[in-house]
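Just below is one structure, and these are the notes that go with it.
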Amino acid sequence: MPFRFLPDVALADIAFEAESDSVEGLFESSALAVSDVMVDPETLRSETTKKVRIYAEDLDRLLYDFLTEIIVVKDVDSLLFREFEVEVAADQKSLKATMKGEPIDRVRHLLRNDVKAVTMHLFGVRREGSRWKTTVVLDI
Amino acid sequence: MPHIDSIKQISDVVWEIPTSYKPGMLVPARIYATKKLLDGMDAGVFEQVTNLACLPGIVRNAYAMADAHWGYGFPIGGVAAFDTESGVISPGGVGFDINCGMRLIRTNLRYPEVKSKVKELVDLIFRLVPAGVGVKGTLRISESQFEEVMKYGVQWCAENELAWEDDPSHVEEGGFIKGADPSKVSRQARSRGIEQLGTLGSGNHYLEIQVVDPARFFDRNLAKYFGIVEEDQVVVMVHCGSRGFGHQVGSDYLRVFDGAMKRYGISVRDRELACAPFSSKEGKDYYGAMVCAANMAFANRQVIVQKVREAFSQVFHKDAEALDMHLIYDVCHNVAKVERHSYDGVKAELLVHRKGATRSFGPGHHDIPAPYRAVGQPVIIGGSMETGSYLLVGTSKAMEDTFGSTAHGSGRTMSRTAAKREVRGAELQRKMLERGIYVKSATMDGLAEEAGMAYKDISEVVETMDRAGISKKVVALRPVGNIKG
């Protein structure tokens with residue numbers, strides 16, 4: 001699993017830690033974790049593709065805005081995703097992401113929690129040796 | 001709780017941590033709790049309530065109510081009032097779910113008439129009030145109408161046949177807070193919110209059919225003012241907020257404030273406590289946008305209540321008016337508002353943040369609707385879906401001691417993961433049915449996460465506030481039907 005949930009971090013909400021050997025991998029793992037909070041990904045199909053482009057001042061905010069975008073698209077377009085492909089620019093201030101999933105189907109999808117927001121609590125991208133890591137707390 | 005040498009007991013349910021506890025504390029921190037609740041509070045409450053006490057412009061005390069637990073920046077159950085000229089505003093002091101709140105409507109039905117129809121009612125309301133991940137409402141409005149919702153909340157509903165005549169006056173602030181500035185709301189927030197009016201959401205939000213508990217009918221005389229006159233009388237409680245609209249406003253401004261603090265020379269102990277002077281551009285912008293979200297939340301609960309009236313009318317083949325389905329009250333429990341208060345011999349305009357805390361204005365206050373003014377503002381405290389809820393009333397002592405504030409609910413004690421380990425959703429649903437509570441949920445996992453055992457004992461919380469005198473018990477309400485988002 002590229003992410004793990006941290007049950008003792010936020011009593012009323014959901015926290016996870018993600019890691020990867022690349023920045024792109026870290027963003028993809030974090031996106032999978034956000035999706036996993038909202039729906040069982042096994043019940044989702046990769047029928048719809050959505051491409052997004054995000055700009056931010058630094059890598060922390062780039063991740064914050066990317067994860068927020070997944071939550072926004074869930075509300076605005078009623079789309080949930082199970083696959084993410086991310087390209088982060090060399091200056092780490094922008095990204096292109098291709099997200100695959102499908103419109104919410106209340107019968108077929110095993111839906112879980114609606115995520116309200118990505119919080120700043122413990123938030124940040126860090127490098128530990130050769131690994132990229134992040135801790136994210138989602139407000140439920 | 002952690003060991004704190006300097007904590008002193010002010011009364012049997014009020015505790016104070018002095019300013020000497022932590023460098024930078026400008027005022028003491030006061031915690032409302034019985035010894036049992038205090039001992040059970042997580043360390044985060046003490047850390048966070050004393051962090052609040054360090055914020056520029058805070059007056060008198062930082063407060064943690066009896067249901068307090070760790071939150072982002074402010075603890076849930078946190079209250080802090082700031083001087084409007086020298087003080088700050090903090091999105092963390094409101095929370096992401098701006099104007100999450102409680103609404104209570106009454107009926108003239110008694111439980112024996114409703115018992116056999118609870119399933120039909122819950123199933124119908126579940127269809128009429130969308131709940132769960134990413135749901136949209138059935139009401140379609142234009143962008144300009146949505147701006148009117150942001151500015152006028154329930155008043156807009158009343159002008160568009162979505163409210164009864166006396167609904168707006170039975171909502172905190174008359175159904176809308178003044179000062180909304182839609183130009184400060186992002187495009188993303190508008191897109192998230194425009195189709196969400198009349199939706200319940202997810203997490204701990206619920207809609208519940210409840211019955212007046214004859215064994216805990218504490219003050220029948222007060223209850224009469226609120227139209228609660230019978231044992232076993234049926235009422236409906238709604239708990240939800242501003243949905244994705246408010247969540248996005250919160251996210252947008254948390255990001256703005258995170259960068260703004262340096263400009264104002266403010267440093268805080270926790271990134272989620274980001275704040276800016278209320279008089280600054282960022283402070284004013286956030287307030288204008290936050291009020292838009294608060295007014296949308298009032299309207300959201302209003303549209304939901306119209307659907308509840310429709311469902312009861314359909315099931316009982318009577319007009320909702322004939323069923324006396326009037327609004328008892330609607331209170332915010334995540335908001336920051338400008339209010340006038342007297343403290344330490346001074347009368348002042350203050351910015352009062354209540355995060356997981358309820359306004360509890362006492363008798364005579366001009367903001368209380370005329371029919372209730374002699375007795376005080378109704379205070380609606382929601383419990384877990386298993387334990388039931390309470391109707392209380394605001395007091396003069398709350399005005400004197402806590403800037404007219406009290407607790408908001410029971411407060412979690414168990415993580416979502418731990419709750420799911422303890423019980424499965426389907427099993428909980430069956431057990432609740434055996435106890436006479438029919439539950440319908442958009443998610444079985446989510447249902448398990450909201451099990452009663454994951455929360456503090458609400459009776460102990462309510463008892464604490466009653467003993468402290470900052471709200472007074474009127475009646476307990478036990479659930480018989482529940483819709484969980």
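Calculate how steeply helix B:118-128 sits against the longest principal axis of the alpha-carbon atoms of chain B, using the helix alpha-carbon long axis, and give the answer as 0 to 90 degrees to the nearest 10. Tilt relative to chain B: about 60 degrees.
Going from the fewest other Cβ atoms within 10 Å to the most, the residues B:K8, B:K355, B:K184 appear in the order B:K8, B:K184, B:K355. For segment A:98-115, 3J(HN,Hα) computed residue by residue from phi via the Karplus equation (6.51, -1.76, 1.60; θ = phi - 60°) reads 10, 10, 10, x, 7, x, 4, 10, 5, 8, 8, 7, 8, 7, 10, 9, 7, 8 Hz, glycine and proline entered as x.
Reducing segment B:35-108 and segment B:176-218 to their Cα centroids gives an inter-centroid distance of 19 Å. Based on C-alpha pairs under 8 angstrom that are at least 6 apart in sequence, segment A:3-139 has a relative contact order of 32 percent.
Net charge dipole, the protein assembly as shown: roughly 260 debye, given to the nearest 20, about the Cα centre with Cβ charges of +1 for Lys and Arg and -1 for Asp and Glu. Mean silhouette area of segment A:3-139, derived from the convex hull of its C-alpha atoms and averaged over all directions, reads 7.9 nm².
For segment A:46-59, the Karplus equation 6.51 cos²θ - 1.76 cosθ + 1.60, evaluated at θ = phi - 60°, returns couplings of 8, 9, 10, 10, 10, 10, 10, 10, 10, 10, 8, 6, 7, 5 Hz by residue, with Gly and Pro reported as x.
Charges were assigned to the Cβ only: +1 to each Lys and Arg, -1 to each Asp and Glu. The resulting dipole of chain B about its Cα centre is roughly 720 debye. Candidate cross-link partners of B:K8 among the lysines, defined by an alpha-carbon separation under 16 Å and a same-chain spacing of 8 or more, comprise B:K22, B:K35, B:K36.
A helix-only calculation puts chain B at -9500 deg cm²/dmol for mean residue ellipticity at 222 nm, using -39500 (n - 2.57) for each DSSP H run of at least four residues, averaged over all residues.
Put simply, the amide H of B:A62, placed in the peptide plane, has neighbours under 5 Å in B:A29, B:R30, leaving out anything fewer than 5 places away on its chain. Compute the acute angle (0 to 90°) between the alpha-carbon long axis of helix B:143-159 and the principal axis of greatest extent of the alpha-carbon atoms of chain B; round to the nearest 10°. Here the helix axis deviates by roughly 70 degrees. Give the distance, in whole Å, between the Cα centre of segment B:125-163 and the Cα centre of segment B:238-297. Taking the Cα centre of each part, segment B:125-163 and segment B:238-297 sit 23 Å apart. Dipole size of segment A:3-139 about its Cα centre, with +1 on Lys/Arg Cβ and -1 on Asp/Glu Cβ: approximately 160 debye, rounded to the nearest 20. Centre-to-centre separation between the Cα atoms of segment A:46-69 and those of segment B:312-354: 38 Å. Close amide H partners of B:Q196, meaning residues 5 or more places away or on another chain with modelled amide H under 5 Å apart, are B:G137. As a proxy for reagent exposure, ranking B:E230, B:E173 by other Cβ atoms within 10 Å from fewest up yields B:E230, B:E173.
The lysine pair count for chain A, using Cα distances under 23 Å and pairs eight or more places apart or on different chains, is 17. Across segment B:338-469, how many lysine pairs, 8 or more apart or on two chains, come within less than 21 Å at their alpha-carbon atoms? Within segment B:338-469, the lysine pair count is 8. Residue order for B:H170, A:H109, B:H317, fewest other beta carbons within 10 angstrom first, comes to B:H317, A:H109, B:H170.
Throughout, read-outs are computed from the coordinates displayed, never taken from laboratory work. This is a predicted model, so every value here is computed, not measured. Neighbour counts are summed over all protein chains in view; Cβ atoms, including those assigned to glycine, are modelled from backbone coordinates with ideal geometry.
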